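Shown next, in structure tokens, is the structure this report addresses.
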Amino acid sequence: MRTAQPVLPRVVDAMLIGALVVLGGMAFGPAYGGTRFVGVLVAGAAVGVLAGLGPVVARWPGWTTVPLAVLGYLLCSGIAVPSRAGAGVLPTGETLRLAVVGAVASWKQMLTVAVPVGGSGALLIPAFLTAVVLATVGVLLAVRGPVAPWALLAPIAMLAVSAAMGTAAAWRPAVVGAVLAAAGLVWAGWRRRRAGLAGLEPRRPVGLALVLLPALAGGLLIGPSLLPGAERAVLRSTVQPPFDPQAYPSPLSGFRKYVKADRDTVLFDVTGLPDGARLRLAALDSYDGVVLGTSAGTGTFARVGDRISGVPAGPRTTVTVTVGGYADVWLPSAGYLSGIGFAGPRAAALTENFRYDRATGTGVVTSGLQSGDEVTEQVVVPVPPDPARMAGVAVQDVEQPDPRDVPEAIKSRAQEFTADVSGSDPYAVATALAAGLRNAGYFSHGDDGTVASPAGHGADRMIRLLTAPTMVGDQEQYAVAMTLMARSLGLPARVVMGFLPHGSGSSTVAVTGADVTAWVEIPFAGVGWVAFDPTPDQSKVPQQQSPEQQQNAHQQQVQPPPPPEPPERAQTTTVKDAGDQDSKQDDDKKDQQQRELPAAVPVGLVLGVGIPVVVVLLPVVAVLLAKLRRTRRRRSRGSPAARIAGGWSEVLDRSTDLGVRPPRGTTRSEAAAAMDAAYGGSIAVLARSADSSVFAPEPVEPEQAESFWAQVREELRTMDSARPRWRRWRARLSLASLRGRR
């Protein structure tokens, strides 16, 4: 009969294994940041110790350990999901759901969130679950296994898992390794001694020192030299963030939509915005001659937790944004985020789909924002530097893609604006560019009915802005012009699109489409990105600033009366008038005779003229109705992804009717390149948007389809404007696209 072993030594074994599991889990530190994860590790190890030791003390069967561990994991799930727990620790229905789902899904979430991941959502579950499982296994091996030292595999496995899920920078590997090795050796020797075998005797200090000192010396002194810099390969380095900003249309392309369609629409309400602070949407630095967008190398849009590190120095504040009529993927923020939290009915989905780029201070919600969404932001608000201290400060070296198809007028006007400024003072150069555009230009959104100010910021629009007798535009054109000018002079620059609300402070401010704006940012060494505003004041409009032009135009319209005719011609005219009067009388007689003709004559005339007209117009009407029906079906039928594909087909058909048929078998991007070369639009952006929606792994929202069709209508107008009027009418009646569809 097997003799029951004392309980106290087993309790000591279990607690030691639990402590070593927590010690091995400290490698999670660089990934989580802060100290909250330590409490989660302790709680998980405690659950494992109780699950492994409880049946031994109560003399239950060994299989009862598994249900006890599962039950403890669920009951303590509130510790791993504090944002959803009652009183921060008590389990709720939501914590139980996240604990079950997170046992599988939280590992991927943790690897795709930028460090420090914090503790939002289910991000603490990997540490908690690992501690529960490995502590349970370690305690079972220690108190039930035939060879107790095998229990040391549990803390070693914990160290390996936490290191793999951590970062490339190790957390005090020498200390953790040395303490883990020393404690493991002492405990293993003690267990062998308890089993009656040759082992470590704590009452012999010399022998104890001979074991511990080499272990500690090897870990603390030799270990760091073998691992210089503590850099290692981790799972996080192999996971690529899924968000690609180039797959989404540039928000700057829809600048005029905010001004015109959403001018009075409340896009979102903002509370706590500091005085004069702006809301950022997107930072744009990639120019291809058609559109300014976000380059792939600008930064990395990655998942982040509720806390964000690496923010620049500056005043901190908390801002709450409640979404109203705004519907896009770009998240409005009041500065560089140091923390973020979502609320509302879609809070969990927003947290899951949020991505943030530290380099630009911009974030996106890949599923799109909707009315009712609420976000609380802890932000660092950028503060403009003192101009007196910026003299001679060098620009910061950043990587940016080279702009393409930049007009020559950009460089010539840049040199003109900076002719009196030293090139060795970048801040003075940037200030001169902004002042030159403000002084030489006038402001107009193109909606005043008197001044032509087209939308867009492609190469043709830049040429028109800088070479026209009167420079007219809005923030979209002036910000892009200054950015390209700065780049032509060797200064890195980017355009930031956002909003400048009218009002701030603790009260809630309603932000409308009329508040949309754009500005330029240039990086300076030791200072960061500095904002410049090159747009003229909105009160500076051409009608008020050029009265001479108005007077000249008025003089050209008022013509002097013709000189009086000589007397000899006046007589001739009188005789002629008399003849004209006789002719008029004859015409009156003919009209009287025609009125007396029988009614059959007009009917025959109608049939003789009307039938040929109907025969000619009937095919025309049939073609127009067929194309109208085709357009309506594409826009309203099918799934949102099918409607987006139909919108792209509409662009292809219009191009075919206008005489530019993309080669068969080409991709959307290849076809868009051919059409952009012919029409000078931004169809390439439309093609990328269609590809990202049609081939997206997640379902496409109906709002995305409506937004895509709005872009389609803009591109169709651009394509039509590139052709003469007679060619546009011919395209309306062309059968080329109908034959191609059949």
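Computed from point charges on the beta carbon alone (+1 for Lys and Arg, -1 for Asp and Glu), the dipole magnitude for region 371-429 about its Cα centre is near 280 Debye.
Just the C-alpha atoms of region 60-105: what Rg/Rh do they give, with Rh taken as the Kirkwood radius?
1.07
FRET efficiency for the residue 64 to residue 35 pair, using the beta carbon distance and R₀ = 41 Å, is estimated at 0.75.
The length gained by stretching the chain between residue 531 and residue 295 to full extension, at 0.36 nm per residue less their Cα-Cα distance, is 83.0 nm.
A full extension of the chain between residue 269 and residue 732 corresponds to an added length of 162.2 nm, given 0.36 nm per residue minus the alpha carbon distance.
Of the residues 705, 689, 734, the one whose Cα sits farthest toward the positive end of the charge dipole of region 681-742, with +1 on the Cβ of Lys and Arg and -1 on the Cβ of Asp and Glu, is 734.
Peptides 511-518, 77-84, ordered by how many other C-beta atoms sit within 10 Å of their residues on average, highest first, read 77-84, 511-518.
From the alpha carbon centroid of region 432-468 to that of region 96-121 is 49 Å. Using the average count of surrounding beta-carbon atoms within 10 Å as a protection proxy, the listed peptides 485-493, 271-279 rank, highest first, as 485-493, 271-279. Of the GluC sites (Glu not before Pro) found in region 336-413, those that fall in a DSSP loop while having at most 16 other beta-carbon atoms within 10 Å are 399. Backbone phi angles across region 267-275, fed through the Karplus curve with coefficients 6.51, -1.76 and 1.60 (θ = phi - 60°), yield HN-Hα couplings of 6, 6, 9, 10, 10, x, 6, x, 4 Hz in residue order; Gly and Pro are listed as x. Classification of region 612-704 by its C-alpha gyration tensor yields an oblate form. The axis ratio a/c (a ≥ b ≥ c) is 1.5 or more, and b/c is at least a/b. Restricting region 671-708 to chymotrypsin sites (Phe, Trp or Tyr not before Pro) that sit in a DSSP loop and have at most 12 other Cβ atoms within 10 Å of their own Cβ leaves 695.
Read-outs: derived from the displayed coordinates by stated rules, not from any lab. Please read these numbers as outputs of a predicted model, since none were measured by experiment. All Cβ positions, even for glycine, are placed from backbone atoms using ideal geometry, and neighbour counts span all protein chains on display.
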